[in-house]
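Step one of this worksheet: look at the structure below.
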Amino acid sequence: MSTLEIKDLRVSVNTEDGPKEILKGVTLTIGDGETHAIMGPNGSGKSTLAYSIAGHPKYDITGGTVTLDGEDVLAMSVDERARAGLFLAMQYPVEVPGVSVSNFLRTAKTAIDGEAPKLRTWVKDVNTALDQLNLDSTFAQRSVNEGFSGGEKKRHEIAQLELLSPKVAILDETDSGLDIDALKVVADGVNRFRALEGKGVLLITHYTRILRYITPDYVHVFVNGRIAEQGGPELADALEAEGYDKYLKAGV
Amino acid sequence: MTLTDNPVADAIETSPPGTVLSHLHPVGSFDVADHDVPTGREEIWRFTPLKRLRDLHSDAAYSAGATTATWNTQDGIRVENVDGDEARGLRGVSGLVPNTRFVARVLAEVPTTLLVDVPAEVELAEPIVVDLTGSDASVTEAAHVALRFGAHSQAVVVLNHVGHASLAQVVEVKVGDGAQVSVISLQDWADDAVHLTHHEASVGRDSTYKHVAISFGGSVVRMDSNVHYAGPGGSAEMLGLYFADEGQHLEHRLFADHTAPRTKSHVVYKGALQGQGAHTVWVGNVLIRKVAEGIETFEENRNLVLTDGCRADSVPNLEIETGEIAGAGHASATGRFDDEQLFYLRSRGIDEPEARRLVVHGFFNDLIRKIGVPSLQEQLMATVEQELAKNVLKDAQPVVAG
């Protein structure tokens, strides 16, 4: 079982004009095996939520708590959070020149599990994961994210998700910039992950398109650093029809 | 992190019609008297700590014998110390005309030459490894090395410098037409060594020359590595890797003199610095002469600063006397660890020291793979690991090999 509990989370960033509050009290619980979609316009704080939970140093937590199965996530270092079972699929994965995908995946798996994966099954697992995401076998020899197309970067993120098998995955606009074929491949990967016992997903997106392939249990509308509305998957349909205008006009 | 990927326009220096002299590279002379003792104010000496050179650059006695050369033998390949007329005949075999006092002195005063002679059309499967082992850094000495590769030969020569020495050295390389040659100079000196060296290569018609400079050890290492072209179609790849620790000065100056049409030069130097007073210098000079139409050149220098108290100088220079070229460019970047890279790796559970280790290995990996000598590549990865253990991984637990 795994539960990610976010309570009254307040986050600010440093700007030239001093600290600016981005998250203004976010409360959200991702229960065992649940998929939550966070939707919202640009600048509403969606990505800030993702990176704050993962521990990016740019963000200052000024209030609130985040716990994973009762453990204080905010007290952990970035790598401790990952080893505790959190995974962030990034919108803009970072290039690491000279480090092969294969070396990177094995190093990460070893770190997460606390021991090196068994060589024979591991090679097979990697090949399967890459193959399922339409990444060919030469992909493992390339440098991490270097020269990858936008679609390759996103599929590589999902390959990591499947291989590292965290408790809770946060997907930050994994759908952005993907054509429909790539989107389906990525959605299939996320659905394979969701089908496993007790896996939580926090899916952050600007568009409703991906929700046709990944059906969330809950949808939250994020506006101006707060959750403005929440509901079931039907809320996504309403957003598709009406857009974010009514929330923006409300001037939250 | 600063990054410049300048188009040619930023770097171009035009000369009035009829002038051919590069201000960076005055005409040389074999006469020692034509070369003043450097003061440190000259453009080509301004980064070098002359006081630490033990007068190798000026008027130190050039003794012999403290550094010994040993080598592996291969059938049909001549490697030996020659003297007399034969040694004299090898002075300037690469087309070198001295433009510094120490080079003029080495050619004029050193009676012997270490000659590696690879006949035409011979293809060597194994590298020729010459170990140059210094025994006493209090003895100032000088050496002349000539590497001669016949037409269409294929060979790799490794000059492996180890031990204690104060050495002024000239390495001349003549690459025959159509030959494919690698010259690898490894500076793995002890901490007290001072090494002032000039490598000059004549790259033959349609030949391929790879020069690799690897500097880890020594108190001061300054290498000038020059190439010019004896005919059209020659290609030079110049690779460098250096790791400067506390108090070390490692300086590499490159000069690709495009003296023939359709020639290529590709320079990639990468360095890391750690510890108080670690200083590296990279100067990449490229001159595209009027005759050199259709050439391609690219030079790149990247430095990774691992701790406070280090200094990396990086200066690309491009002089162009013809606009009829296929391509020219340069890039230079010096920076610390990229926080976003570390965040990405750590967000996958990899702890900070291991993430740093991966980044540094990655930084050097691409370059090391291009050297093309597997046994040496393994050795270099191990050396990088030892260097990292001094600072970056000082408090880290051992980890699974990458």
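Throughout, read-outs are computed from the coordinates displayed, never taken from laboratory work. The model shown is predicted, which means the values in this text are computed figures rather than measured ones. Cβ placement follows ideal geometry from the backbone for every residue including glycine, while neighbour counts extend to all protein chains displayed.
For this structure, a couple of remarks:
- Chain B: C-alpha gyration tensor shape, a/c 1.5 cut-off, then a/b vs b/c: rounded
- Inter-site label distance for B:D59 and A:E71 at 7 Å from Cα along Cβ, in nm: 7.2
- Here B:T307, A:T215, B:T113 are placed in order of increasing Cβ neighbour count within 10 Å, fewest first, which gives A:T215, B:T307, B:T113.
- Model label zone, B:W45; criterion: amide N under 19 Å from point 7 Å along Cα-to-beta-carbon; scope segment B:224-246: B:224-225
- In terms of overall dimensions, the C-alpha atoms belonging to the protein assembly as shown reach 93, 54, 48 Å along their principal axes, ordered largest to smallest.
- Residue among A:A84, A:A159, A:A236 with the largest mean-square fluctuation in a Gaussian network model of chain A, springs linking Cα atoms under 10 Å: A:A84
- Separation in nanometres of the label points that stand 7 Å from Cα toward Cβ, at B:N391 and B:A151: 5.1
- Three-way shape call for segment A:4-250 based on the alpha-carbon gyration tensor, with the a/c threshold at 1.5: prolate
- Dividing the C-alpha radius of gyration of segment A:99-167 by 2.2 N^0.38 Å, with N its residue count, gives 1.02.
- For the pair A:E80 and A:T215, the difference between a 0.36 nm per residue extended length and the Cα-Cα distance amounts to 45.6 nm.
- Distance-filtered residues of segment B:232-251 - backbone nitrogen under 14 Å, label point 7 angstrom along B:A326 Cα→Cβ: B:232-237
- With R₀ fixed at 51 Å, the C-beta to C-beta distance from A:E240 to B:T68 puts the FRET efficiency at about 0.05.
- Shape call, segment A:1-89: gyration tensor on alpha carbons, a/c limit 1.5: prolate
- Sorting A:K153, B:K51 from the fewest to the most surrounding beta carbons within 10 angstrom yields B:K51, A:K153.
- Kyte-Doolittle mean at least -1.0 and Cα axial length at least 15 Å: DSSP H helices in chain A: A:101-113, A:119-132, A:150-164, A:180-194
- Over every Cα atom in segment A:158-252, the radius of gyration and the widest Cα-Cα span, Dmax, amount to 14.1, 43 Å.
- Span from the segment B:85-159 Cα centroid across to the segment A:2-70 one, whole angstrom: 65
- Here B:V37 and A:T62 are evaluated by their C-beta separation; at R0 = 60 Å the FRET efficiency comes out at 0.40.
- Listed residues A:V126, A:V13, A:V94, most fluctuating in chain A (Gaussian network, C-alpha, under 10 Å): A:V94
- Exceeding the 18 Å Cα-Cα cut-off - candidates A:K20/A:K58; B:K210/B:K270; B:K174/B:K370: B:K174/B:K370
- Distance from the alpha carbon centroid of segment B:338-352 to that of segment B:30-63 works out to 46 angstrom.
- Residue-span extension gain [B:E86 to B:R311] - 0.36 nm each, minus C-alpha spacing: 76.6 nm
- Estimated vicinal HN-Hα couplings, Hz - segment A:141-146 in sequence order (Karplus 6.51, -1.76, 1.60; Gly, Pro = x): 8, 7, 6, 3, 6, 7
- Antiparallel beta bridges, as assigned by DSSP with both residues in chain B, represent about 10 percent of the total such bridges.
- Taking a Cβ cut-off of under 15 Å around B:A146, the surrounding Lys, Arg, Asp and Glu residues balance to a net charge of -2, with basic ones at +1 and acidic ones at -1.
- Springs join every pair of Cα atoms under 10 Å in this Gaussian network model of chain B, and among B:E123, B:E43, B:E321 the largest mean-square fluctuation is at B:E43.
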